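> Shown below is the structure under consideration.
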Amino acid sequence: MQTTLATTSVSDEIRFGAAAFDVSAAQRRCRAMRRRILELSQRLPALHIAPAFSCLEIVDTIYHGLMRQAPDGRALDTFILSKGHGALAQFAVLEQLGVMSRADLDTCCHPDGHLGGHPDYGSPGIEASTGSLGHGLPMALGICLAESERSRAASGQAATVYVVTSDGELMEGSTWEAVLLAPTLKIHNLVVFVDLNGYISGGKTSVYHPNLYPVADKFRAFGWQAIDCDGHDQTSLTKAVDSKDPLRPLAVVAKTVKGQGVSYMQDKPMWHYRSPNPSEYQQALEELAEPDSNALDPNTGRSSASPERGSQI
Amino acid sequence: MRDAFARAFYDASQLNSKLFMVVADISPASKIANFKTECPSRFIDVGIAEQTLIGLSAGLALRGFKPFAYTIANFAIYRPFEQVRDDVCYQNLPVTIVGMGAGIAYSPLGATHHTLEDVAVMSSIPNMTVLAPCDPAETEAAVHFAAGHTGPLYLRLGKAGEPNLTAQAQPFEFGKIRQLRPGSGACVLSYGPITKMACDLADKLQAERGIPAAVYSVHTLKPLDTTGIAAVLKQFPLVVTLEEHVERGGLGAQVKQLAWETAAPCRLHTFALQDRFIHLYGSHQQLQQAHGLSVDQLYPQISNPFQGTSLHG
C-alpha cells in the first residue's frame, strides 16, 4: 500500500528543492499545526506534545519540500516516523494535506476513532507502524532495497525513503545495526533526519551518554554522508538534502528544541507527556498567534491571498 | 531438511520474482547458492544483525516483496522477538521466518542454540502461522505453501540427514493433520524430525503388542487442526503426542485441552521436552534421552494400559 498524498493532482512529477520551498508559508503552516496539536491536547491525555513540536519543521519539510509525487497524486517517496511518539506532528501534516480528515484527528485516542498515540500501518498516509524505538531504520532499509529492485525492473530512479529518528533512538542497538549495514548494502536512496532535541523522558541525552556526541561523526565513521543543521530552519533542512551524495545514505543531524514554539515547554522534560491546563493553553495560543491572523485560515495556516505550492499536495 | 528447503525455495523463486532470501550470516549452500548467483539483488546477507534481519524483511514486504528471513532458529526469533511481533505480525506482512536447527538439534552447542519453546512463543503472536514439517519432502511442500502465503509464517526446520517419512502419506494440506500410516489401536501425533521416533514407537507397538498404531504429522501447529485432532481423540483408544518442545504451549498441552473440551474417551500420553535447561553436551539423541525421549523410555509408559491421562474416567 502506498499513500495517495493528494486530492488534487499536479501536472508532473515534482522534485521540490530549496529554491522552490516557501519558507514563510511553511512557518505559518507549522504555527497552525502547533495550535491544532494544542487544541487536541485539551481533549486527549498524554499526547507527547513536546516530542511532536521538536520534529514538526522536519516532518513538514519532508512532505512539502522533499517527497515527490506522481501525476495521480500517489506518493513516490516514503516517509517513516521512526520516533513514533511524535505522531501528532505527522498526523497534523497529513491533516493539513487532506490525507487525514479533521474527524480522524478529533477522535485520536478515542474509542470511536481509528488513530492512536503512535502511527499505525493502514491508517491514511502511514507507511509503517512505529512506537517502539529502533524499528524504523531497519524497515527503511528493506523499503530502500525494494525500491531499488523495482526501479531496476522499470529502468527508473529508485524512490527515496525519508526517516525521522529521535536522539533517544540512537541508544537502541537495532539503530546501529542498520546504520552499519546501509552503506555495506550500497543503499543510497535513504535520508535519515535525527531529531536531536537532547532529551529522553528521564532527562538530557548528553548526561546519559556524553560520548554520543558529536552524532554526525558516528554516521560518517560508518560510511554515511552526514550534515549538521538547525532542525527548525526549513531552508537549512532542504539545503542539506539538496547536497546529498547520490551514492551514499545521508544523515541530517538536526538540532532541535523539545517543545519548540511554546516558551514554557522548551527543554522541560515534563512536557514529554503532559497536556497544558486551560491557562497554559491560552498562553501557548498567544505565543503561536499569527502576526496578521485575518489573512489566514485559522486551522490550516494557509494564506488565502497567496496559494502556496504546498497546498497542492 | 536444509537442502530440501534450499531446493524448494529455488524452485519457488523460478515462478515468483517477488521472493527474497534474507539471511543473517548463513553461507548460501545447495540451491540457495544458485539463487544468489542468478538473482544477486534478491539475496541479502545482513551479517550478525538479527533485529535488522527481521525489520529489513518487513520493509521488503511493505513494498510487495516476499522475503524468507533465514538463520538458525534461536537467532531468528529470540533476539529479534519484538521485530517479529511489531514489524511482521502487527503489520500482518508476508514474511516467512525460517528457523533452522530448531528444538535441540544443535545439542552440543548448549541451550543458547536450542529452541525449547519456539512453537509456544511464535504461536502466541496474533496473525502468525506456524509450520513444522517432519521430513525433507514435507519441508518442500511447506516452502511452496509459504511462498504463496499472504501473512507472517514461522517455518520450523531441523538440520540435515532426516529420513523421508511421507513417501506413503496422504498429500500435504495446510491446516490439516497428515496421516503418515494408518492404524486402529493407537495413534501418535507428532511434528518435526522427532516424528521419526513416533514412527519407531508405532513399529514397536505393532511388533510387541500387535497394536496397529497410526502416525500423523501435525505439520501445521497454528492454526491447529482441532477438527482432525478431535476425530483422532474420538477414534483411537490410545493417543500419544510426541514433540521436541516443552509441553506448555506445545502440541501436548493443546491436545489435552481439546481432549477435555470434547470429552474424549481415550487414554492420552503427552511426551515433550522437560521444562528445564539440561547441561548435557552429547549427540542429539543423547540429549533427547536426557529429556526422557527415546523409544525405549516411552514404550513402557504407553504399553501399560493403566498409565496415561484418562480425562473422563
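Since every read-out is calculated from the coordinates, none of them should be taken as a lab result. Just so you know, these numbers come straight off a predicted model, no measurement behind them. All Cβ positions, even for glycine, are placed from backbone atoms using ideal geometry, and neighbour counts span all protein chains on display.
> Could you work out the relative contact order of segment A:23-290? I mean the mean sequence separation of Cα pairs under 8 Å and 6+ apart, divided by the number of residues, in percent. If you can, show how the numbers build up before the last one.
On the way: 507 pairs, mean separation 64.4, N = 268.
Relative contact order for segment A:23-290 comes out at 24 percent.
> Quick check: net charge around A:Ala103, other residues with Cβ under 11 Å of its Cβ, Lys/Arg +1 and Asp/Glu -1?
Details: positive: A:Arg102; negative: A:Glu95, A:Asp104, A:Asp106, A:Asp112.
Summing Lys and Arg as +1 and Asp and Glu as -1 gives -3.
> Does anyone have the angle between helix B:2-15 and the longest principal axis of chain B? Alpha-carbon axes, 0 to 90°, nearest 10?
50
> Next question. Only bridges whose two residues both fall in the protein assembly as shown count here: according to DSSP, what percent of them are antiparallel, nearest 5?
15
> Which trypsin sites (Lys or Arg not before Pro) in segment B:200-290 pass both tests, a DSSP loop state and at most 14 other beta-carbon atoms within 10 Å? Don't skip to the answer; put the middle values down first.
On the way: sites: B:Lys204, B:Arg209, B:Lys234, B:Arg248, B:Lys256, B:Arg267, B:Arg276; in loops: B:Arg248, B:Arg276.
Answer by residue number: B:Arg248, B:Arg276.
> Going through segment A:166-272, which chymotrypsin sites (Phe, Trp or Tyr not before Pro) have at most 15 other Cβ atoms within 10 Å and a DSSP loop state? Present the calculation step by step, with values, prior to reporting the outcome.
Working: sites: A:Trp176, A:Phe193, A:Tyr199, A:Tyr208, A:Phe219, A:Phe222, A:Trp224, A:Tyr264, A:Trp271; in loops: A:Phe222, A:Trp224, A:Tyr264.
For chymotrypsin sites (Phe, Trp or Tyr not before Pro) across segment A:166-272 that sit outside H, G, I, E and B with at most 15 neighbouring Cβ atoms in 10 Å, the list reads A:Tyr264.
> Now a separate question. Might you report the magnitude of the Cβ-based charge dipole of chain A about its Cα centre, with Lys and Arg at +1 and Asp and Glu at -1, to the nearest 20 debye?
Details: 27 positive and 35 negative charges, 73 e Å.
In debye, rounded to 20, chain A gives about 360.
> What's the lysine pair count for chain A at a Cα cut-off below 28 Å, pairs eight or more apart or interchain?
Eligible lysine pairs with Cα atoms under 28 Å apart amount to 27.
> If you rank B:Met122, B:Met128 by fewest surrounding Cβ atoms within 10 Å, what's the result?
On the way: B:Met122 30, B:Met128 20.
Listing B:Met122, B:Met128 from fewest to most nearby Cβ atoms yields B:Met128, B:Met122.
> Report the relative contact order of chain B, percent, no decimals, based on alpha-carbon pairs under 8 angstrom and at least 6 residues apart. Walk me through the numbers before you get to the answer.
Numbers: 694 pairs, mean separation 48.1, N = 313.
This gives 15 percent for chain B.
> Average the reciprocal distances over every distinct pair of alpha-carbons in the protein assembly as shown, invert the result, and give the Kirkwood radius in Å. Display every interim value, and only then the final one.
Values: mean 1/r = 0.0375 Å⁻¹.
For the protein assembly as shown, inverting the mean 1/r across all distinct Cα pairs yields 26.6 Å.
> Using amide H atoms built in the peptide plane, which far-off residues or other-chain residues are under 5 Å from B:Arg267 H to H?
Placed amide hydrogens put B:Leu238, B:Val239 under 5 Å from B:Arg267.
> Still on this model: Please compute the net charge surrounding B:Leu201, taking Lys and Arg as +1 and Asp and Glu as -1 over other residues with Cβ under 15 Å from its Cβ.
Numbers: positive: B:Arg181, B:Lys196, B:Lys204, B:Arg209, B:Arg267; negative: B:Asp200, B:Asp203, B:Glu208, B:Glu243, B:Glu244, B:Asp296.
Its environment carries a net charge of -1.
> Let me ask you something else. Before rounding to the nearest 500, sum -39500 (n - 2.57) across all DSSP H runs of length at least 4 in the protein assembly as shown and divide by the residue total; then give [θ] at 222 nm in deg cm²/dmol. Intermediate values should be presented prior to the final figure.
Working: 21 runs with 220 residues, N = 626.
One gets -10500 deg cm²/dmol as the mean residue ellipticity at 222 nm.
> So who's got an amide H within less than 5 Å of the one on B:Arg181, skipping anything under 5 residues away but keeping other chains? H placed 1.01 Å off N, in plane.
Counting only residues 5 or more places away or on other chains, the set is B:Val215.
> A further question follows. Under 28 Å Cα-Cα from B:Lys159, which lysines qualify once same-chain neighbours fewer than 8 residues away are excluded?
B:Lys18, B:Lys31, B:Lys36, B:Lys66, B:Lys176, B:Lys196, B:Lys204, B:Lys222
> I'd like the orientation of helix B:226-235 relative to chain B: the angle between its Cα long axis and the longest Cα principal axis, in ° from 0 to 90, rounded to 10.
20
> Then there's this: What's the FRET efficiency of A:Ala153 with B:Glu82 using the Cβ-Cβ distance as r and R₀ = 25 Å, to the nearest 0.05?
Working: r = 32 Å, r/R0 = 1.29.
My answer for the efficiency is 0.20.
> For chain A, return all DSSP H helices satisfying: extent of Cα atoms along own axis at least 15 Å; mean Kyte-Doolittle hydropathy at least 1.0.
Values: long enough: A:23-41 (27 Å, -0.50); A:49-61 (18 Å, 1.22); A:136-154 (26 Å, 0.39); A:173-184 (17 Å, 0.57).
TM-like helix candidates: A:49-61.
> What does the charge count around A:Ala289 come to, taking other residues whose C-beta lies under 9 Å from its C-beta (Lys +1, Arg +1, Asp -1, Glu -1)?
Numbers: positive: A:Arg31, A:Arg35; negative: A:Glu286, A:Glu287, A:Glu290.
So the surrounding residues net to -1.
> Among A:Leu196, B:Leu287, which comes first, then next, by fewest other beta-carbon atoms within 10 Å? List each step's numbers first, then the result.
Working: A:Leu196 25, B:Leu287 22.
Final ranking by Cβ density, sparse to dense: B:Leu287, A:Leu196.
> Return the Rg/Rh value of chain A, two decimal places, where both radii are evaluated on C-alpha atoms and Rh is the Kirkwood radius. Let's see the in-between values first.
Values: Rg = 18.4 Å, Rh = 19.5 Å.
Dividing the radius of gyration by the Kirkwood radius yields 0.94.
> I've got another one for you. Specify the longest stretch of chain B that does not include any exposed loop site, a site being one of the chymotrypsin sites (Phe, Trp or Tyr not before Pro) with a non-H, G, I, E, B DSSP assignment and at most 11 other Cβ atoms within 10 Å. Mind dumping the intermediate values first?
Working: sites that count: B:Phe277, B:Tyr281, B:Phe306.
Longest run free of exposed loop sites: B:1-276.
> What is segment B:178-303's relative contact order, in percent, from Cα pairs under 8 angstrom and six or more apart in sequence?
26
> Something else now. Using bins 10 angstrom wide from zero, how does P(r) for segment B:2-156 break down, in % of all Cα pairs?
For segment B:2-156, the pair-distance distribution reads 12, 46, 37, 5, 0.
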